[in-house]
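Each value in this text was obtained by applying a stated rule to the coordinates, not by laboratory testing. These figures come from a predicted structure and were not determined experimentally. Note that each Cβ is placed from the backbone with ideal geometry, even for glycine, and that neighbours are counted across all protein chains shown.
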Amino acid sequence: MARPKKFDPEDAVHRAMEVFWERGYAAATPQELGERMGLGRGSLYNAFESKQSLFERALRHYHDHESPRLLALLRQPGPVKERLRALFHAVIQADVADPARRGCLAINTAIELAGRDAAAARLASAMFARTEQHFLELVEEGQRTGELDASRDARELASLLLNHLTGLRVLGKTAEDTTRLTRIVDAVLRFL
C-alpha cells in the first residue's frame with residue numbers, strides 16, 4: 001500500500017505564492033491554488049483558513065525568500081553606484097526575461113489591493129520600507145566614503161531610489177527590451 005504524501009506547509013505556501021504572483025489575488029481561484037499546492041479545496045481551507053490568509057502567508061514568503069536575493073547585491077563589495085547598477089540591471093534582466101512578466105509581487109499587491117485590503121497593503125508597505133532602509137544604508141555609506149554628496153538628504157535619496165526601483169519593476173512588465181530601462185538607470189545614477 002502506498003504511503004500518503006506528507007504535507008509540507010512551506011512548499012505549499014511557495015506554490016501558492018507562484019500562483020498569486022502569476023495571476024494576482026483576485027484571479028487566483030481556490031481550485032487553481034489547491035491544484036498547484038496538491039490540496040483539495042477542503043484541505044486548503046483546513047490548512048490555511050481562507051484565501052486571504054493563504055495570500056498573506058504567500059506574501060510573507062516572498063518577502064522572506066525572493067526579495068533578499070536581489071537586496072544582497074547591495075551588500076557586495078565595491079563602489080556604491082556600481083552596486084546600485086548591479087541591482088537595477090538584475091531586476092531589468094529578470095523582468096524582461098520572464099515570459100509571464102510577473103514583476104514584483106509586493107508592487108503587484110499594492111497596485112491590486114492597497115485600497116481594498118489593509119492587511120495586504122501593510123505587508124507590501126513593510127516590504128517597501130525594508131528596501132528603502134537598504135537604500136538608506138547604502139546612500140549613507142556612499143556619503144561617508146565621498147562617493148555621494150554628503151550635503152544631500154540621505155532619506156530623500158533612499159526614497160528616490162525606492163521610487164526608481166518600483167517604477168522599473170512596473171515598466172519591466174511591458175518592456176520589449178532593456179534599452180529604455182537601462183537609460184533610466186543611467187540617468188538616476190548620474191543624478192546621485
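Suppose a student asked you for the relative contact order of region 1-142, using Cα pairs under 8 Å spaced at least 6 residues apart; what percent would you report? Each step should come with its number before you reach the end.
Numbers: 108 pairs, mean separation 33.2, N = 142.
Worked out over region 1-142, it gives 23 percent.
How large is the dipole of the chain about the Cα centre if only Lys and Arg carry +1 and Asp and Glu carry -1, each at its Cβ, rounded to the nearest 20 debye?
Values: 28 positive and 27 negative charges, 66 e Å.
Here the size comes out at about 320 debye.
Filter the DSSP H helices in the chain by two things, a Kyte-Doolittle mean of at least 0.0 and an axial alpha-carbon span of 24 angstrom or more, and list the hits by number.
Details: long enough: 80-97 (25 Å, 0.45); 118-145 (40 Å, -0.16); 154-172 (27 Å, 0.68).
Helices meeting the span and hydropathy rule in the chain are 80-97, 154-172.
For Cα Rg over 2.2 N^0.38 Å, one of [x] 1.17; [y] 1.02; [z] 1.09 was computed from the structure I shared and the rest are decoys. Which label?
Read-out taken from this structure: [x].
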